[in-house]
1. What are the residues in region 4-25 that are out of contact with any Asp or Glu (no Cβ under 9 Å at 6 or more places or on another chain) and at pLDDT 90 or above, if any?
2. Could you look through region 2-40, keep only residues that are part of a loop (DSSP other than H, G, I, E, B) and of a type in the set (Asp, Glu), and pick out the one that is nearest to the chain's Cα centre (by Cα)?
3. How many residues are among the β-branched types (Val, Ile, Thr) and exposed (fewer than 10 other Cβ atoms within 10 Å of the Cβ) when one looks only at the chain?
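The values are calculated or read from the model by the stated rules, or taken from the named source; none is laboratory data. What you see is a predicted model, and the numbers here were worked out from it, not measured in a lab. Every residue, glycine among them, receives a Cβ derived from its backbone with ideal geometry; neighbour counts consider all protein chains shown.
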Amino acid sequence: MSEDAIPPAAPPRHQCCTCGGTGIDSYGDNCPHCEGHGYC
């Protein structure tokens, strides 16, 4: 496998259990638990 075919490494992330990974709450604001990122 060539170096061009290796995908970039990403840190392990866990989907936010409060917003379900969307980053927003039910009111359309940033999720207070994950601060709008969608992962913890």
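1. The answer is GLN15, CYS16, CYS17, GLY20, GLY21, THR22, ILE24, ASP25.
2. Per the stated criteria, the residue is GLU35.
3. 1
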